[in-house]
Amino acid sequence: PRAPAGMGDVPEPCPQAPLAVLSKVELRVSCKHLLDRDTLNKSDPCVLLLMQSQGQWMEAGEPRAAPTQVDRSEVIKSNLNPVFAKIFTVDYYFEEVQKLRFEVYDSHGQAGVGTHDDDFLGGMECTVGQIVAQKRVTKPLFLKYGKFAGKSTITIISEEISGNNGYVELAFRAKKLDDKDLFSKSDPFLEIYRIDDDRSEQLVYRTEVVKNNLSPIWEPFKVSLNSLCSCEEKRKLRCVVWDYDSRGKHDFIGEFFTTFEEMQKAMGENKVQWDCMNPKYKIKKRNYKNSGVVVLLDLKIHRVYSFLDYIMGGCQIHFTVAIDFTASNGDPRNSCSLHYINPYQPNEYLKALVAVGEICQDYDSDKKFSALGFGARIPPKYEVSHDFAINFNPDNDECEGIQGVVESYQSCLPKIQLYGPTNVAPIISKVARVAADEERTKEASQYFILLILTDGVVTDMADTREAIVRASYLPMSIIIVGVGNADFTDMQILDGDDGVLRSPKGEPVLRDIVQFVPFREFKNVSGAAAGSCLPLPALPVPFHPFPIPSRPAPDLSRPL
């Protein structure tokens, strides 16, 4: 047992921990008077957002060691005054100067934006703090060497995302729209605008274009409640239908006004429809009825709750620890091994286990922890396993409290042969299967935390990224603690702090569920202090959208 601190004891200082994310900020971008680089048509602009990291400019949303991952807007054809539908989301750290650079290019579509094939239309630098403080920033665009890009300007509008934010999935179609084309039918697309308190309009979403169709069915899409209506049901929305023109001169078909409150009537089997009206036709044409009808086919609301909501609603935390038993740790009989059992002090694996486990066990009612190992040859056949129970009971891998895990770990070491490779995807998938079973109950009674203790970079990085993306849809979070003095730079890819993690196919995580930390930054801090210094408050547990027991859903009729 740990001796109580004396009256005169001074707490040991914590090492510099990663900054806590105060909030996430949504950035909307528009431009005016862009340079015209094309001979026959106008420029086809696209915006790249870059963020300065350690003196280097990297594209926002781009994980380290993955330069192909970029965060950029869509390309808007033949338009010198574009309003981009893409919403950039960035973490806002109040105490850090976060430098941003917006670069506008005329895209030619043959290669990635920002290559030599694209004409540079201008750039602008500012900080996240400046945009947040002013809420709306308009600045001139500059070419190379500080030269003005004509009269070109860029406007950035910021909006803080509410901590209680959720999102909504919408599916629209239209019927019998006006035909604006002479030799073919209209090519309609739909835009949704939110009308703010100052009567300004913010573009929320722009659908794809459906070619040559007066009764289009647009693809379903998701938007945050914050973006759609500022989490206020009665806020007015303006919806506009256009006939697409490749030269950028889109023809106005009609519009209608609604609210999120009215849209919600489309839930279940119900549908809501609006007359698509052209005000000019309404004045000029005596028998004018509408320019078509827009139908909301389906609406699904996905609520997003906080960790505290889950705990207060009766949710239990199920804690699983996974220990790296690969040969790179060294022979456990050797005092240089990270798995060496010193009778006088715990090794780093045990220190990390106790530091994190003592925090998590407070939320686990039965104090039983699943304990798994990976990367070792195990009895009786001594085949390599990447998800074995360290108590060697495959039917019940749970141990009694942290002490039970420690005892199973110490008992396990002499019976196994450290081997490899360092594959963690199997264990993530194993816990995810249990979490998926829980999610299907729709009761939200358990949340799963997986603690992975490892001495090096994982071998199956592609499979691990895929497993994390799949797990991000489940009531599950992952803490990865790097043990030893290895170079863990590549492990930052798995942590969403430097950008959005994506699967090998490019699919982003639904939410940031991974927290990585090298334990060497905290190993010289004593037990309880080490636990408080680990960046556990940044655990991404707050964001899973399914019902909470014994807690009413937030009332959207008032700001969240």
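None of the figures in this text is laboratory data; all of them are computed from the coordinates on show. Predicted model only: the values in this text are computed from it and were never measured. Cβ: placed from backbone, ideal geometry, glycine included. Neighbour counts: every protein chain shown.
Between the amide H of residue 424 and those of 459, 460, distances stay under 5 Å, these residues lying 5 or more places away or on another chain, with hydrogens modeled in the peptide plane.
For an R0 of 22 angstrom, estimate the FRET efficiency from the Cβ-Cβ distance between residue 441 and residue 302 and round to the nearest 0.05. That gives a FRET efficiency of 0.80.
Working ranking of peptides 454-460, 502-508 by packing, defined as the average number of other Cβ atoms within 10 Å per residue, highest first, is 454-460, 502-508.
Spin-label pair residue 288-residue 136: with each label point 7 Å from Cα along the Cα-Cβ axis, the two points sit 2.9 nm from one another.
Label sites at residue 160 and residue 328, each approximated as a point 7 angstrom past Cα along Cα to Cβ, lie 4.1 nm apart.
At an R0 of 22 angstrom, the distance between the Cβ atoms of residue 213 and residue 270 translates into a FRET efficiency of 0.35.
Under 5 Å from the amide H of residue 476 lie the amide H atoms of 448, each residue being 5 or more positions distant or on a separate chain, with H modelled from the backbone and absent for Pro and chain starts. Extent along the principal axes, Cα only, for region 256-415: 94, 35, 30 Å, with the longest axis given first.
Once both labels are positioned 7 Å from their Cα atoms along Cα-to-Cβ, the gap between residue 201 and residue 252 label points is 0.8 nm. Short-range pairs are left out: with C-alpha atoms under 8 Å and at least six residues apart, the relative contact order of region 201-314 is 17 percent.
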